[in-house]
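J.: Below is a structure I'd like to ask you about.
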Amino acid sequence: MTNQRILITGGAGFIGSHLTSKLVELGNEVVIIDTLLRGNKIPQDVFSKVEFHQVDVCDSAKVAELAKGADVIFHFAAILGVDIVADNPIETMETEVNGMQSVAHACAINGIEKLIYASTSGVYGHLALEQSVNEEILVDPHTSYAMAKRYNEIYLASLFEEKGINSIALRFFNIYGLRQDNRMVIPRFIEQAMKGEPLTVYGTGEQTRDFTYVEDAINCTINLAKNVQGFEIFNIANEKEATIEELAKEIIRLLNSKSEIHHIEAPKKRYDYEVGRRYGSSEKLLTHTGYKPSTGLQEGLSIVMKEV
Ligand code: UDP
């Protein structure tokens, strides 16, 4: 993907900033809209090369104006982080629903036929499966965040039918990497281990996640964006299950930290969000692009730790 004019919503956020860096490096003209509510994670040398607008994605008129001439929109703006989302379920939903409508409107009036949307593996909800989840299974969203993401996936399918806008929804599985903040478990544990504080494992620590390294996720995203036809959903998963207990132990080991592991009860507001087991299949991704995430957890953690 090169020589394209690309609008990224949420381009200054964690995943968005990695996407921004890569698309700039590949020689694209990148326009970003972001509220900067969580700060600007775009590296300085990259920031000087993008067109930046501090705009809320829900501001439909502004988004439509800024999208003029874009070949593709990456819609990555969202409210996220379990604690924040649980405290602000209505704003979360509004940002998802109004944000998507605003982006869809921008596509429609500017004749933009390609849209890439950051959905979530959260749409699989509590499905406790004996195997990794693929895109074909029935989903079970049960939080406002996951519900809104699922709603948008369905909306995108209808946008293709009604307006011919081609799109992809990416179901990201626990993405981690440089510049992530401690709303998420990996940076939180690294910070605790570096300070010699106890690592706060919620519950037994037997719950699993499929931690996917951000550079892999971005490469997959860009590969998929090269060929968008109709509406498709893709898991972006590392296909490896790790328990939170294993994660905590690995972080302590890699940092040679003196920290202990404390098992504590998760904050009540997290109850609805907690999932016992989650790992995904990236087979569809591999079939379509010949590539899937490959960075192991230990390797990815080591890269992150070198920079903090
Ligand atoms: N977690 C934990 N201690 C923390 C923060 C998170 O044990 O201080 C666990 C949490 O219970 C969940 C996993 O780490 O099982 C991933 O949490 P995160 O909020 O990063 O993402 P989620 O997958 O829940 O959206």
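J.: Go through segment 242-262 and give me each residue that's part of a helix (DSSP H, G or I), among the hydrophobic types (A, V, I, L, M, F, W, C) and out of contact with any Ser or Thr (no Cβ under 7 Å at 6 or more places or on another chain). First the steps, then the outcome.
T.: Quick first cut of segment 242-262, residues part of a helix (DSSP H, G or I) only: 244-255.
Still in the running and among the hydrophobic types (A, V, I, L, M, F, W, C): 244, 247-248, 251-252, 254-255.
Passing the criteria: 244, 247, 248, 251, 255.
J.: Please work out if residue 188 is among the basic types (Lys, Arg), in a strand (DSSP E or B) and within 15 Å of the ligand (Cβ to nearest atom). Steps first, answer last, please.
T.: Numbers: among the basic types (Lys, Arg): yes; in a strand (DSSP E or B): no; within 15 Å of the ligand (Cβ to nearest atom): yes.
No.
J.: Oh, and also: Report, by residue number, each residue of segment 263-277 that is surrounded by 14 or more Cβ atoms within 10 Å (Cβ to Cβ), near the ligand (Cβ under 9 Å from one of its atoms) and outside any helix (DSSP H, G or I).
T.: Result: 263, 266, 275.
J.: Please state which one of 113, 130, 94, 136 is touching a Gly at 6+ places or on another chain (Cβ under 8 Å), of a type outside the set (Lys, Arg) and surrounded by fewer than 23 Cβ atoms within 10 Å (Cβ to Cβ). Don't jump to the end; show me each part of the working.
T.: On the way: 130 fails: touching a Gly at 6+ places or on another chain (Cβ under 8 Å); 94 fails: touching a Gly at 6+ places or on another chain (Cβ under 8 Å); 136 fails: touching a Gly at 6+ places or on another chain (Cβ under 8 Å).
The unique qualifying residue is 113.
J.: Let me ask another. Tell me, which residue of segment 191-204 that is within 8 Å of the ligand (Cβ to nearest atom) and hydrophobic (A, V, I, L, M, F, W, C) is nearest to residue 263 (Cα to Cα)?
T.: 201
J.: Let me ask something else about it. List every residue pair whose Cβ atoms sit under 9 Å apart, with the two residues 6 or more apart in sequence or on different chains, where the first one lies in segment 175-189 and is modelled with pLDDT under 95 and the second, anywhere, is part of a loop (DSSP other than H, G, I, E, B) and more than 9 Å from the ligand (Cβ to nearest atom).
T.: Matching pairs, first to second residue: 181/38; 181/39; 181/41; 183/38.
J.: Mind counting the residues in segment 61-105 that are touching a residue at least 12 places away in the same chain (Cβ under 8 Å), away from the ligand (no atom under 16 Å from the Cβ) and part of a helix (DSSP H, G or I)? Steps first, please.
T.: First pass over segment 61-105, keeping only residues touching a residue at least 12 places away in the same chain (Cβ under 8 Å): 62-64, 66-87, 89-105.
Cutting the leftovers down to away from the ligand (no atom under 16 Å from the Cβ) gives us 62-64, 66-77, 90-91, 93-95, 97-105.
Now narrow it down to the ones that are part of a helix (DSSP H, G or I): 62-64, 66, 90-91, 93-95, 97-105.
Here the count works out to 18.
J.: Right, another one. For residue 286, which of the numbered conditions (1) in contact (Cβ under 8 Å) with a residue 24 or more places away in the chain; (2) over 17 Å from the mean Cα position of the chain (by Cα); (3) surrounded by 14 or more Cβ atoms within 10 Å (Cβ to Cβ) fails to hold?
T.: So residue 286 meets the others, but not (1).
J.: Residue under question is residue 239, and the condition is that it be among the charged types (D, E, K, R), on the phi > 0 side of the Ramachandran plot and either in a loop (DSSP other than H, G, I, E, B) or modelled with pLDDT of 95 or more (or both); does it hold?
T.: Details: among the charged types (D, E, K, R): yes; on the phi > 0 side of the Ramachandran plot: yes; either in a loop (DSSP other than H, G, I, E, B) or modelled with pLDDT of 95 or more (or both): yes.
It is true that residue 239 is among the charged types (D, E, K, R), on the phi > 0 side of the Ramachandran plot and either in a loop (DSSP other than H, G, I, E, B) or modelled with pLDDT of 95 or more (or both).
J.: OK, next. Please find, among 161, 136, 153, the residue that is modelled with pLDDT under 95 and away from the ligand (no atom under 16 Å from the Cβ). Show your work before the answer.
T.: On the way: 161 fails: modelled with pLDDT under 95; 153 fails: modelled with pLDDT under 95.
The match here is 136.
J.: Just one of the numbered conditions (1) surrounded by fewer than 21 Cβ atoms within 10 Å (Cβ to Cβ); (2) at positive phi is not true of residue 188; which one?
T.: (2)
J.: Given the structure, is residue 223 part of a helix (DSSP H, G or I) and surrounded by 15 or more Cβ atoms within 10 Å (Cβ to Cβ)?
T.: Numbers: part of a helix (DSSP H, G or I): yes; surrounded by 15 or more Cβ atoms within 10 Å (Cβ to Cβ): yes.
Spelling it out, residue 223 is indeed part of a helix (DSSP H, G or I) and surrounded by 15 or more Cβ atoms within 10 Å (Cβ to Cβ).
The values are calculated or read from the model by the stated rules, or taken from the named source; none is laboratory data. In this text, all values refer to a predicted model and were calculated from it rather than measured experimentally. Note that we place each Cβ from the backbone using ideal geometry, even for glycine, and neighbour counts take in every protein chain shown.
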